[in-house]
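To start, the structure itself, in structure tokens.
The values are calculated or read from the model by the stated rules, or taken from the named source; none is laboratory data. What you see is a predicted model, and the numbers here were worked out from it, not measured in a lab. Every residue, glycine among them, receives a Cβ derived from its backbone with ideal geometry; neighbour counts consider all protein chains shown. Only protein heavy atoms, including side chains, enter the accessible area calculation; ligands, DNA and RNA are left aside. Shrake-Rupley method; radii C 1.70, N 1.55, O 1.52, S 1.80 Å.
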Amino acid sequence: MSNEALKSQALKSLAEHIAAANSGAVIAHHVVNGELELRVSRDKIIQVLLFLRDDGKCLFKQLVEISGLDYPERPERFDVAYFLLSLRHNTRIRVKVATDEKTPVESACAVFSSAGWFEREAWDMYGILFSAHPDLRR
């Protein structure tokens, strides 16, 4: 088995571990370009981010970025994508939640202090709302 196939299998196994531990929170998971991507229920994002940060098989301690993505043809037109890095396991992961113009996503500031600036940028550029954000402003 090639290195790439082994890595893909390890990521699929990690995704199953995450999904099993967060019952009902992980809507979908797949490997894209050698990285794991999770689709998570909007109301469970903090639960999943805490698990990803603290679980021994994960240890995604670094929030690299939060991005807004706009799909105007969808009813929930926005995705919020969280890009995390585990230095311990040398692994990256993307976590996505969907929302619309009126429904806020809970702020990740309590989980990752660096989330504040990224969330303000998503709000300023796309109008994505974040509840419990300590300073949501332009």
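Every residue, every condition in (1) within 27 Å of LEU11 (Cα to Cα); (2) touching a Cys at 6+ places or on another chain (Cβ under 9 Å); (3) of a type in the set (Lys, Arg), yes or no:
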residue: LEU84; (1), (2), (3): yes, yes, no
residue: ARG92; (1), (2), (3): yes, no, yes
residue: VAL95; (1), (2), (3): yes, no, no
residue: GLU101; (1), (2), (3): no, no, no
residue: PRO104; (1), (2), (3): no, no, no
residue: CYS109; (1), (2), (3): yes, no, no
residue: PHE112; (1), (2), (3): yes, no, no
residue: ARG120; (1), (2), (3): no, no, yes
residue: TRP123; (1), (2), (3): no, no, no
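If you scan segment 3-28, which residues turn out to be touching a Lys or Arg at 6+ places or on another chain (Cβ under 8 Å), open to solvent by less than 30 Å² (accessible area, probe 1.4 Å) and without any contact (Cβ under 8 Å) to a residue 40 or more places away in the chain?
ASN22, ALA25, VAL26
(1) at pLDDT 95 or above; (2) surrounded by fewer than 17 Cβ atoms within 10 Å (Cβ to Cβ); (3) hydroxyl-bearing (Ser, Thr, Tyr): which one isn't true of THR99, the others all being true?
So the condition that THR99 fails would be (2).
If I filter segment 29-44 down to residues being of a type outside the set (A, V, I, L, M) and closer than 18 Å to SER86 by Cβ, which single residue comes out as most open to solvent (accessible area, probe 1.4 Å)?
Looking at residues that are of a type outside the set (A, V, I, L, M) and closer than 18 Å to SER86 by Cβ, I get ASN33.
Residue check, ASP124 against (1) within 13 Å of the chain's Cα centre (by Cα); (2) over 21 Å from GLY24 (Cα atoms), all met but one. Which one?
The single condition ASP124 does not satisfy is (1).
Condition first: among the small types (Gly, Ala, Ser) and in contact with a Ser or Thr (Cβ under 6 Å, 6 or more places away or on another chain). Now tell me which residues in segment 92-138 satisfy that.
Residue satisfying the conditions is ALA132 alone.
Filtering segment 45-73 down to residues that are open to solvent by less than 70 Å² (accessible area, probe 1.4 Å) and among the charged types (D, E, K, R), which residue is nearest to VAL97 (Cα to Cα)?
By that ranking, first place goes to ASP70.
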